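Visitor: One structure follows; several queries about it will come next.
The values are calculated or read from the model by the stated rules, or taken from the named source; none is laboratory data. Keep in mind it's a predicted model, so treat the numbers as computed, not measured. Because the Cβ atoms are built from the backbone with ideal geometry, glycine has one as well, and the counts that use them run over all protein chains shown.
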Amino acid sequence: MATETPSLQQAAVVVNPGEKAQITLRNDLPVAIPGLNEVLVKLTCTGLCRSELRAVQAWGAYNSIIGHEGVGIVVKAGPDASQSLLGQRVGIKWLYSACNDCSVCKRGFLHNCAKQLNTSRHVPGTLQQYVIADARFLTIIPEGVADEVAAPLLCAGLTMVGALSKLENDLRAGDFVVISGSGGGLGHIGVQIAARIKKLRVIAVDSGDDKRKLSLESGAEVFFDFKTDDVVARVQELTGEGAHATIVVPGTEDALKMAPSLVRNMGFIVNVGLPRNDIQIPLSATICTARGLTFIGSSVGTEDQMTDLLKEAAAGNISPAIEVFDFSSVPTLIDRLRVDGVTGRAVVKLPQ
Ligand SMILES: [Zn+2]
Ligand SMILES: [Zn+2]
C-alpha cells in the first residue's frame, strides 16, 4: 500500500456564502495529516446533496469545503486508528462522529446524538481529493457496488431508509405511501426502497417528464405532477381514504402544507427536507389532534441501515440514477441544484 501523498491538493471551496456565493476550484490546499482515531482517505468521487445549498446560501454555519457522500481508499491511519483500514474502500457520510455515550447513542441512534460532528459542517467535506475521517464511524463499501453507485447511498439512500424505518411498525406491504420529490436524488431511491424492499404501493409526486420517468422506473405505481395535477384529489381518488403515510422530501413549505391532506386519519407525515431554519411546520394543531396524525422528523439513518442498503445495492435491488461529472463542473452543478435542475443524483469525480 503506497502511503505517499502529496502535500497540496485540489478542492472546491465555497467563497462568500449567501446571495453572492461562489464556488472556487483551488489546487493549493494542504492535505491534512490524520490525528487520533483518524484516517486519511483518497477520494475517487462524491455525490452532491441538495442540502449543500444550506451551506452555499448561508442558512447555517458550514465548512467552506462541502460534500458528504464521498467514496475512496484509506491511505493513512493516525494513532489508534486500525491499520487494517489501510487500502480499504470506504464511504464518508454526513455523520463524522458521535459521543457514543449519551442516552440516544446508547439506543443505537448515533446519527441523532446531540454531540455529533458532521462532515462538511464541523469538518471539511468531500469536494476535495483527500479527506480526514474518524475511523470509528466509517462505512466499508462492499464488493459489487461501484464507487459512483455507493456515493449517493451514503446520504440520499440512508436518509430514505431512515425515513421509511420510522413507518415499519405501522405500515404493511400493500399500504400506500406518497413520496413527494420522487424524481430527485433522495426521492427516487426512496421510491425504490419503498416499492422493491418494503413492498409498499408508492404514489410519486414531482414535476416534469424526466422525473415522471425516473419515478415510475423506480417502482412507483403512479406519478402525479404537482404543477399540472390536483394531487390531493388524485391521491384521494386512488386510495379512497388517503395514503397511510407520506414522506416529504422537498424542503418547501408547499410540500409540507399539502402533506396532511394526502394521508388518511391516523396517517404519518415523515419530513426529511431541510428548508431555511425559519420555516415552520404548517400543520393545524386541531387537525393533527382530531385526525390522530403523527409528524416525524427524520435525518439520515443508522449504520446497520447503511450496511443493509449497500447489500441491497450489491444485489441489484437498489440502483441509484446517477450522472457523473468532472470536478471542473462543480460550480455549474451547484447552480443547477439551486434551480432544482438535477434528476436523480449528480456524482462528481475527484481528480486522481
Ligand atoms: Zn445529504
Ligand atoms: Zn451521543
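Visitor: Taking the stated definitions as given, is VAL235 within 26 Å of VAL161 (Cβ to Cβ) and of a type in the set (Val, Ile, Thr)?
Guide: When the stated conditions are applied, VAL235 passes them.
Visitor: I need a count of the residues in the range 135-147 that are of a type outside the set (A, V, I, L, M, F, W, C) and not in a helix (DSSP H, G or I).
Guide: Here the count works out to 4.
Visitor: Can you confirm whether GLY273 is outside the structural domain of ALA12 (by TED's automatic domain parsing), under 18 Å from the mean Cα position of the chain (by Cα) and surrounded by 15 or more Cβ atoms within 10 Å (Cβ to Cβ)?
Guide: yes
Visitor: Just for the range 111-124: of the residues that are away from ligand 1 (no atom under 14 Å from the Cβ) and not in a loop (DSSP other than H, G, I, E, B), which one is farthest from GLY47 (Cα to Cα)?
Guide: ASN112
Visitor: Further, regarding this structure: Given the conditions (1) under 27 Å from ARG336 (Cβ atoms); (2) modelled with pLDDT of 95 or more; (3) crowded, with 20+ Cβ neighbours inside 10 Å, report the number of the one that GLY267 does not fulfil.
Guide: All conditions pass for GLY267, except number (1).
Visitor: Also, I was wondering about something else. Name, by its number, the condition in (1) at pLDDT below 95; (2) within 16 Å of ligand 2 (Cβ to nearest atom) that does not hold for ASN112.
Guide: (1)
Visitor: Which residue is farthest from ligand 2 (Cβ to nearest atom), if the candidates are limited to the range 115-147 and must be in contact with a helix residue (DSSP H, G or I) (Cβ under 8 Å, 6 or more places away or on another chain) and of a type in the set (D, E, K, R)?
Guide: Selected residue: GLU143.
Visitor: Taking the condition of being farther than 26 Å from HIS111 by Cα and either among the aromatic types (Phe, Trp, Tyr) or surrounded by 14 or more Cβ atoms within 10 Å (Cβ to Cβ) (or both), how many residues in the range 286-297 meet it?
Guide: Adding up the residues that qualify gives 2.
Visitor: What single numbered condition from (1) within 16 Å of ligand 1 (Cβ to nearest atom); (2) part of a strand (DSSP E or B) fails to hold for ILE132?
Guide: (1)
Visitor: Can you tell me which residue among LEU309, LEU283 is surrounded by 13 or more Cβ atoms within 10 Å (Cβ to Cβ) and either touching a His at 6+ places or on another chain (Cβ under 9 Å) or farther than 18 Å from MET160 by Cα (or both)?
Guide: LEU283
Visitor: What is the residue count in the range 117-131 for residues that are surrounded by fewer than 21 Cβ atoms within 10 Å (Cβ to Cβ) and over 17 Å from the mean Cα position of the chain (by Cα)?
Guide: Looking only at that region, the number is 2.
Visitor: Quick check on the range 18-32. Is at least one of its residues assigned to a helix (DSSP H, G or I), free of Cβ contacts under 8 Å to residues at least 60 places away in the same chain and touching a Leu at 6+ places or on another chain (Cβ under 9 Å)?
Guide: Within the range 18-32, not a single residue is assigned to a helix (DSSP H, G or I), free of Cβ contacts under 8 Å to residues at least 60 places away in the same chain and touching a Leu at 6+ places or on another chain (Cβ under 9 Å).
Rundown of residues vs (1) at pLDDT below 95; (2) buried (at least 17 other Cβ atoms within 10 Å of the Cβ); (3) among the charged types (D, E, K, R), yes/no style:
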position: LEU256; (1), (2), (3): no, yes, no
position: PRO260; (1), (2), (3): no, yes, no
position: ALA313; (1), (2), (3): no, yes, no
position: PHE327; (1), (2), (3): no, yes, no
position: ASP340; (1), (2), (3): yes, yes, yes
position: PRO351; (1), (2), (3): no, no, no
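Visitor: Right, here's the next one. Determine whether the range 226-241 contains at least one residue that is within 27 Å of LEU153 (Cα to Cα), of a type in the set (A, V, I, L, M, F, W, C) and under 20 Å from the mean Cα position of the chain (by Cα).
Guide: No, there is no match, as no residue in the range 226-241 is within 27 Å of LEU153 (Cα to Cα), of a type in the set (A, V, I, L, M, F, W, C) and under 20 Å from the mean Cα position of the chain (by Cα).
Visitor: Restricting attention to the range 29-45, does a residue exist that is at pLDDT below 95, in the same structural domain as PRO331 (by TED's automatic domain parsing), polar (S, T, N, Q) and away from ligand 2 (no atom under 16 Å from the Cβ)?
Guide: Taking every residue of the range 29-45 in turn, none turns out to be at pLDDT below 95, in the same structural domain as PRO331 (by TED's automatic domain parsing), polar (S, T, N, Q) and away from ligand 2 (no atom under 16 Å from the Cβ).
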